[in-house]
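Take a look at the structure below.
The values are calculated or read from the model by the stated rules, or taken from the named source; none is laboratory data. A quick note: this is a predicted structure, and the numbers were derived from the prediction, not measured. Using ideal geometry, Cβ is built from the backbone for each residue, glycine included, and neighbour counts are taken over all protein chains shown.
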Amino acid sequence: MRAVMSRESTVTTGVPGWETLLPWLRAGTTRRAREGLFSGNLPRRGDTRPPGQPRESKKAPWGDGWRSVVRSRQVHGAVNRVHAELPRGESAVGEGDAHLTRQPGILLTVTLADCVPVFIADPVQRAVALLHAGWRGTAAGVLEQGLATMHRAFGSVPGDLFVHLGPAICGQCYEVGPEVFEALGEAEPPHPAPIDLRGVIRRRALEAGIAARRLNVNTECTLCGDGRYFSHRRGDTGRHRGFIGILPRAGRHPGQAGSS
């Protein structure tokens, strides 16, 4: 899905095929907007946003109707948070790089500027998860722990899941030192070399039991692409957001309790 929103909003990049396969959820990644329009980015210290310009407009790119929007302080780790009932509005929920829910109306978000957003959907248990996966989080097992938490909290099994790896820095641009290769369990080069982090995560997902036909990878690069996304390595101070949630009108899963 590539949908142009209204003048008060922006453009988002969706997950190919999910609109048809999983019509009960909404998922995507915000992009840079035209000047003065909401882009879902979170300006950082040193941003040059004009004085008085709001960080976000009242109309968000993921649409209306969400009761709660989850965000957290990301620490490049593997802390999982399962969300049920939350206050209305945008909720800061402390530290965490992985968010999970099967509560309709809760939108999970992560902020990004080269790291990999990992979108997970379970059509059987009607549950979703969103992971922020940089190399440190990947090395810490954010994917594996996210899958384990989905199993414990919702009864999800890997063979039922759909997984999408969103826009991130590509394998040609992401040069890292041998210590990163070592932390990820990859063959270590004798000097800094590029690494395909999405490729590493894809392989780990397959090893965890995700079906290849249900696993897809966005190939856009946040650094060498067309500039529609923010890149830490480019020196950008802003952040785009990945988001996923069960649509409010979707209703609860038949076996769902009020909270978890």
Please state which one of E179, E188 is charged (D, E, K, R) and in contact with a helix residue (DSSP H, G or I) (Cβ under 7 Å, 6 or more places away or on another chain). E188
Which members of region 185-202 meet the condition of being in contact (Cβ under 8 Å) with a residue 40 or more places away in the chain and closer than 13 Å to V118 by Cβ? L197, R198, V200, I201
Would you confirm whether or not region 45-61 contains a residue that is over 27 Å from Q125 (Cα atoms), buried (at least 16 other Cβ atoms within 10 Å of the Cβ) and at pLDDT 80 or above? no
Identity of the residue in region 180-234, of a type in the set (A, V, I, L, M, F, W, C) and touching a Gly at 6+ places or on another chain (Cβ under 7 Å), that ends up nearest to P123 (Cα to Cα): A211
Do we find a residue being out of contact with any Asp or Glu (no Cβ under 6 Å at 6 or more places or on another chain), surrounded by 15 or more Cβ atoms within 10 Å (Cβ to Cβ) and modelled with pLDDT under 90 anywhere in region 65-76? no
For region 108-115, does any single residue satisfy the condition of being in a helix (DSSP H, G or I), out of contact with any helix residue (DSSP H, G or I) (no Cβ under 7 Å at 6 or more places or on another chain) and not basic (K, R)? no
Taking only pairs six or more apart or across chains, which ones have beta-carbon atoms under 9 Å, a first residue in region 203-224 that is under 16 Å from V142 (Cβ atoms), and a second residue that is buried (at least 16 other Cβ atoms within 10 Å of the Cβ) and of a type in the set (S, T, Y)? R204/T138
Counting only residues that are among the polar types (S, T, N, Q) and farther than 29 Å from R228 by Cα, which one in region 89-126 is surrounded by the fewest Cβ atoms within 10 Å (Cβ to Cβ)? Q125
Does F119 satisfy the criteria of being touching a Leu at 6+ places or on another chain (Cβ under 7 Å) and at negative phi? yes
Residues of region 68-92 satisfying the condition of being on the phi < 0 side of the Ramachandran plot, in a strand (DSSP E or B) and either among the small types (G, A, S) or more than 16 Å from the chain's Cα centre (by Cα) (or both): S68, S72, E90, S91, A92
Exactly one of V124, V163 is under 21 Å from R213 (Cα atoms), more than 16 Å from the chain's Cα centre (by Cα), not charged (D, E, K, R) and not in a helix (DSSP H, G or I), and that residue is V124
Note on region 146-172: residues on the phi < 0 side of the Ramachandran plot, surrounded by fewer than 17 Cβ atoms within 10 Å (Cβ to Cβ) and in contact (Cβ under 8 Å) with a residue 12 or more places away in the chain are V157, G159, G171, Q172
Those residues that are closer than 17 Å to E144 by Cα, surrounded by 14 or more Cβ atoms within 10 Å (Cβ to Cβ) and charged (D, E, K, R), I need them from region 187-228; list them, please. R198, R202, R204, R214
Could you please let me know if E182 is part of a helix (DSSP H, G or I) and free of Cβ contacts under 8 Å to residues at least 12 places away in the same chain? yes
Residue check: is L143 part of a strand (DSSP E or B) and either buried (at least 17 other Cβ atoms within 10 Å of the Cβ) or charged (D, E, K, R) (or both)? no
